[in-house]
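Structure provided below as structure tokens; questions to follow.
The values are calculated or read from the model by the stated rules, or taken from the named source; none is laboratory data. What you are looking at is a predicted structure, and each value in this text was computed from that prediction instead of being measured. Don't worry about glycine lacking a Cβ; one is built from the backbone with ideal geometry, like all the others, and counts go over all protein chains shown. Areas reflect the complete protein model, heavy atoms only, side chains present, ligands, DNA and RNA absent. Shrake-Rupley method; radii C 1.70, N 1.55, O 1.52, S 1.80 Å.
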Amino acid sequence: QVQLVESGGGLVQPGGSLRLSCAASGRTFSGYVMGWFRQAPGKEREFVAAVFWTTTTTLYGDSVKGRFTIWRMSAKSTVYLQMNSLKPEDTAVYYCAAKSSSVAVADGTSYDYWGQGTSVTVSS
């Protein structure tokens with residue numbers, strides 16, 4: 001049974017940084033795409049970033065390009081999201097997700113597995 005467990009959320013001041021982790025278990029993720037999405041109160045779910053497990057190719061949403069970095073550590077079966085230069089509009093619950101298909105990477109409805117989410121609040 002696949003499990004995705006996020007951690008690392010919290011309260012941070014504008015301009016600060018946080019690193020989120022997603023511990024993945026239950027299968028080998030070779031060939032999978034691992035994504036981060038977020039959902040702010042009253043807003044739709046938004047694609048943040050994704051990494052192809054095998055090739056380590058990365059993709060980013062326009063709102064986070066240049067500020068966030070995604071990578072995976074195969075030995076720990078963990079995906080990370082480094083978030084720098086955080087803004088109040090980055091406040092949201094962040095979710096880790098996994099899918100076996102390499103198409104429609106930014107489409108949350110195409111993902112097979114989801115974590116429970118970790119909350120990030122950017123506020124002074």
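Can you work out which of the residues in segment 30-43 that are touching a strand residue (DSSP E or B) at 6+ places or on another chain (Cβ under 6 Å) and closer than 26 Å to Q13 by Cβ is most open to solvent (accessible area, probe 1.4 Å)?
That would be Q39.
Where residues in segment 104-124 are in a loop (DSSP other than H, G, I, E, B) and of a type in the set (G, A, S), which of them is least open to solvent (accessible area, probe 1.4 Å)? Walk me through how you get there before you give the answer.
Step one: list which residues in segment 104-124 are in a loop (DSSP other than H, G, I, E, B), which gives 104-107, 111-112, 115-117, 123-124.
Narrowing further to those that are of a type in the set (G, A, S): 104, 106, 115, 117, 123-124.
Numbers: A104: 54, A106: 59, G115: 9, G117: 25, S123: 56, S124: 129 Å².
So, considering only residues that are in a loop (DSSP other than H, G, I, E, B) and of a type in the set (G, A, S), the one least open to solvent (accessible area, probe 1.4 Å) is G115.
Could I ask something else about it? If I ask for residues that are of a type in the set (S, T, Y) and under 18 Å from V33 (Cα atoms), which ones from segment 103-122 would you list?
Passing the criteria: T109, S110, Y111, Y113.
In addition: Just checking, how many residues over segment 27-52 are among the aromatic types (F, W, Y) and within 13 Å of the chain's Cα centre (by Cα)?
Count: 4.
Let me ask another. Yes or no: K99 over 12 Å from G35 (Cβ atoms) and in contact (Cβ under 8 Å) with a residue 12 or more places away in the chain?
No.
Among residues belonging to segment 87-103 that are of a type in the set (D, E, K, R) and within 15 Å of the chain's Cα centre (by Cα), point out the one that is surrounded by the fewest Cβ atoms within 10 Å (Cβ to Cβ).
K99
How many residues does segment 44-86 contain that are open to solvent by 80 Å² or more (accessible area, probe 1.4 Å), in a loop (DSSP other than H, G, I, E, B), farther than 16 Å from S102 by Cα and touching a residue at least 24 places away in the same chain (Cβ under 8 Å)?
Count: 1.
Just to be sure I understand, how many residues within segment 6-20 are open to solvent by 30 Å² or more (accessible area, probe 1.4 Å) and under 11 Å from the mean Cα position of the chain (by Cα)?
2
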